[in-house]
Amino acid sequence: MKYIHNYISALVLIFAVGVPASPGPENDDDKTMSPYFHIPAGDPSIDRLPLKGTRIDVTINGVIAEVTVNQKYANDGNRPINACYVFPASTRAAVHGMKMKIGEQVITAKIKEREQAKETFEKAKQEGKSASLLQQQRPNVFTMDVANIMPGDLIEVELKYTELIVPVDGAYEFIYPTVVGPRYSELTESNGGSDNKWLKNPYFKKGEEKEATWDITVHVISPIELKELVCYSHKTYTEWENAQSAKITLSHDEKQLADRDYILQYRLAGNRIQSGVMLYEGNDEKFFLCMVEPPERIRNSLIPPREYIFVVDISGSMSGFPLQTTKKLLRDLISHLRPTDKFNIILFAGSSSLLSPTSLPVTQENVNKAIAHIDNQRGGGGTRLLPAIKRALQLPHHDTISRNIVVVTDGYIAVEKDVFECIADNLNRANVFSFGIGSSVNRHLIEGIAKAGKGEPFVVTDPSRAPAQAIRFRNYIQSPLLTHIEFETKGFKVYDMIPRSVPDLLAERPLVIFGKWRGKKQGSIRITGYTGEGPFEKTFTLNNVESKAKNSPLQYLWARKRIEERSDFNFGPTDTEERDEIISLGLRYNLLTRYTSFVAVHEDVRNTEGDAKNVKQPLPLPKGVSNAAIGGVRAVPEPGLLLVFFILMFGIGFANLLRKSLGTKNSAE
């Protein structure tokens, strides 16, 4: 009988500690807001995958991209459902329209204050009406809620946004993110708030994805001849209409899984970039956009000594491809530091470790030591970026040496605001640069770190591109392209300019200045500054610049840029005045913001029973991200299924042990 006793004891132990954590009940205040793996429900009446497909149509005309995203939701079960889908967006997207189509009826969504939109949606849901709600959770993360999808329904939700395509190093790049990576979070139900519930979204395990299909078509139209048009993230087909226009479609075998950023890159003939002034005259306001081609970079060998602190993410989500790419990048960066420089490395996951108490001189011995230290890492644990950055800022520092902190991460955290504030509060201690590593990084964090630290963001989506990004980084930090930049107008009345003051230009990208204007289209715009060779000046005369109706997106781009300055990176607490301005901008320009949302309601009562099952659309893990990104958090079956499982396991085990016990007894006899 001792076998039976041991078996029962082991079974109890497995049940107590071997069952991974689950999302748990909604009233569990101690439960963390962490993602979990999706396990299909046993109820065949519920469609667990309501999102059937996403189609994206893009037109890039000059430097402005107009994007239409169409999502199709269906209910293949026999009970009404409410669907929730978390999806990414470009950090520069100005979302200015949404429609919902049920059958032949099309409902245009209304922009409302966030809480009012949620109340409108919840009321419609309770009344049995079909409705959709689009909310911004982060500048690059949206949620779509669709209520009362009836059995057999096909509901289409369409959203429109525009963004500015700004070239870097002479290359134009359009990026469409396809998946939101899992976010490490220490928030709990009690302190996380309703705005962070999206963090709990389920994910498919690798190899078990059943993602909806997706498709993207991009039409590029340029006033200058196109060249080097390539999509290095996906297999595509290019149909040239003429030398200045092309249509890019997705290969059929790429439509099965959206697990990485779609990246389309092109150049213009002669490596030229589009610069000049664009004008738009609306009914109430007039807008302008001024793009100034950057000067050529001056090579300067008389660069003072610099210190580099590399803050490197080795958490679970970096395991595999991202960490291997990070190692390649760091080997390149450290190996090319100058003998007069110093460096150090902080590796972080759940905790952090330091290569040396003080920064090391760049000797071959120290470089080999650093590379060996990096090569020994395998990746695992949480992503506690903020303590690692604080540790870097507190390291001993010589005032005569310029300190540069380089953060290397995929950005899968939920405390972006705290990181931005920490960096912005310590600008007197260091410049901060950021490297995003992975196929679908959190660009909001990567760009925000650089913006807060007065540095530049870099993203490496493929190991083969790491050396080129390392070279770009070295060029940028050596010397700025243009400093002491001033914007002046003569005879042209401008106001509400963005940015209010123009920072030094580090990257080889054009200066971009938005604004409004009054009165007549006349006079000139003058840009001045200093390069490594001396004074710089560029003047645009406005008399011959045409105000065009096709430039109407300028109103959305201006408002989105204003909101970005006030809200996106939010280096301090949000005050009432700031919140009110963002709401006013969202409502005036019909824009999605952190405080305004789109809501569409079908006024017919379609679900007369009033009962619908809530379903969260599971997401695939980004390409190159392993199951370790979720850690020990897993979803478990319903309690009834769990009970059946343990009864079966107990029965089988009990029978085997009983047979073994009797066999032992007979043998003894």
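Some notes on this structure:
- P139 fulfils the conditions (1) in contact with a strand residue (DSSP E or B) (Cβ under 8 Å, 6 or more places away or on another chain); (2) buried (at least 23 other Cβ atoms within 10 Å of the Cβ) except for a single criterion, (1).
- Residues of the range 335-346 satisfying the condition of being surrounded by fewer than 22 Cβ atoms within 10 Å (Cβ to Cβ) and either more than 24 Å from R403 (Cα to Cα) or free of Cβ contacts under 8 Å to residues at least 40 places away in the same chain (or both): S335, L337, R338, P339, T340, D341
- Restricting attention to the range 220-255 and to residues that are aromatic (F, W, Y) and over 18 Å from E173 (Cβ atoms), the residue that is nearest to the chain's Cα centre (by Cα) turns out to be Y237.
Conditions (1) farther than 30 Å from R338 by Cα; (2) in contact with a Phe, Trp or Tyr (Cβ under 6 Å, 6 or more places away or on another chain), marked per residue:
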position	(1), (2)
V459	no, no
R472	no, no
N475	no, no
P480	no, no
T483	no, yes
Y495	yes, no
I498	yes, yes
E508	no, no
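- Across the range 455-496, the qualifying residues are those that are in a loop (DSSP other than H, G, I, E, B) and open to solvent by 40 Å² or more (accessible area, probe 1.4 Å), and the one among them that is farthest from N431 (Cα to Cα) is G491.
- Residue, nearest to Y172 (Cα to Cα), within the range 497-545, restricted to residues that are without any contact (Cβ under 8 Å) to a residue 12 or more places away in the chain and assigned to a strand (DSSP E or B): E537
- Single condition V180 does not satisfy, out of (1) of a type outside the set (S, T, Y); (2) under 30 Å from Y232 (Cβ atoms); (3) in a strand (DSSP E or B): (3)
- Subset of the range 103-114 [part of a strand (DSSP E or B) and either buried (at least 22 other Cβ atoms within 10 Å of the Cβ) or within 23 Å of the chain's Cα centre (by Cα) (or both)]: I111
- Leading residue by the ranking (farthest from the chain's Cα centre (by Cα)) among those in the range 132-141 that are at pLDDT 95 or above and not polar (S, T, N, Q): L133
- Count of residues meeting criterion [among the charged types (D, E, K, R) and in contact with an Asp or Glu (Cβ under 7 Å, 6 or more places away or on another chain)] in the range 173-226: 1
- Filter result for L199 (open to solvent by less than 40 Å² (accessible area, probe 1.4 Å), at pLDDT below 90 and at negative phi): yes
- Considering only residues in the range 51-98 that are in contact with a Ser or Thr (Cβ under 7 Å, 6 or more places away or on another chain), under 17 Å from K616 (Cβ atoms) and part of a loop (DSSP other than H, G, I, E, B), the one that is least open to solvent (accessible area, probe 1.4 Å) turns out to be G77.
- Test: residue in the range 519-527 that is within 23 Å of the chain's Cα centre (by Cα) and surrounded by 15 or more Cβ atoms within 10 Å (Cβ to Cβ): no
- Each residue in the range 528-564 was checked for being more than 14 Å from F288 (Cβ to Cβ), out of contact with any Lys or Arg (no Cβ under 9 Å at 6 or more places or on another chain) and open to solvent by 70 Å² or more (accessible area, probe 1.4 Å), and 6 pass.
- Taking the listed residues E208, E239, E254, the one that is open to solvent by 10 Å² or more (accessible area, probe 1.4 Å), of a type outside the set (S, T, N, Q), at pLDDT 95 or above and out of contact with any Pro (no Cβ under 6 Å at 6 or more places or on another chain) is E239, with no other qualifying.
- Residue within the range 198-216 that is farther than 17 Å from M144 by Cα, of a type in the set (A, V, I, L, M, F, W, C) and part of a strand (DSSP E or B) present: yes
- Any strands (runs of 3 or more DSSP E) falling wholly within the range 219-331 and containing at least 3 residues that are without any contact (Cβ under 8 Å) to a residue 12 or more places away in the chain: 236-242
- Condition met for E173 (surrounded by fewer than 19 Cβ atoms within 10 Å (Cβ to Cβ) and either of a type outside the set (K, R) or not in a strand (DSSP E or B) (or both)): yes
- Scanning the range 346-364 for residues that are over 16 Å from K390 (Cβ atoms) and not in a loop (DSSP other than H, G, I, E, B) yields L360, P361, Q364.
- Breaking point among (1) at pLDDT below 85; (2) more than 30 Å from S626 (Cβ to Cβ); (3) assigned to a helix (DSSP H, G or I), for E421: (1)
- Picking from residues in the range 445-454 that are assigned to a helix (DSSP H, G or I) and either without any contact (Cβ under 8 Å) to a residue 12 or more places away in the chain or open to solvent by 10 Å² or more (accessible area, probe 1.4 Å) (or both), the one that is nearest to L393 (Cα to Cα) is K451.
- Against the test of being within 27 Å of V106 (Cβ to Cβ), within 22 Å of the chain's Cα centre (by Cα) and not small (G, A, S), the options L587, L591 yield a single qualifying residue, L591.
- Checked against (1) open to solvent by 20 Å² or more (accessible area, probe 1.4 Å); (2) closer than 23 Å to K328 by Cα, R403 passes all but a single condition, namely (1).
- Count of the range 115-134 residues, restricted to those that are open to solvent by 20 Å² or more (accessible area, probe 1.4 Å), in contact (Cβ under 8 Å) with a residue 12 or more places away in the chain and not acidic (D, E), is 5.
- The numbered conditions (1) open to solvent by 30 Å² or more (accessible area, probe 1.4 Å); (2) more than 29 Å from F37 (Cα to Cα); (3) not aliphatic (A, V, I, L, M) are all true for N627 except (2).
- Note on the range 207-242: residues that are more than 23 Å from L164 (Cβ to Cβ) and small (G, A, S) total 2.
- Considering the range 183-196, the residues that are in a helix (DSSP H, G or I) and surrounded by fewer than 16 Cβ atoms within 10 Å (Cβ to Cβ) include one that is nearest to the chain's Cα centre (by Cα), namely D195.
The values are calculated or read from the model by the stated rules, or taken from the named source; none is laboratory data. All figures in this text were calculated on a predicted structure; none of them were measured in a lab. Reconstructed Cβ throughout: ideal geometry from the backbone, glycine too, with neighbour counts over all protein chains shown. With ligands, DNA and RNA removed, areas are computed over all heavy atoms of the protein, side chains included. Shrake-Rupley method; radii C 1.70, N 1.55, O 1.52, S 1.80 Å.
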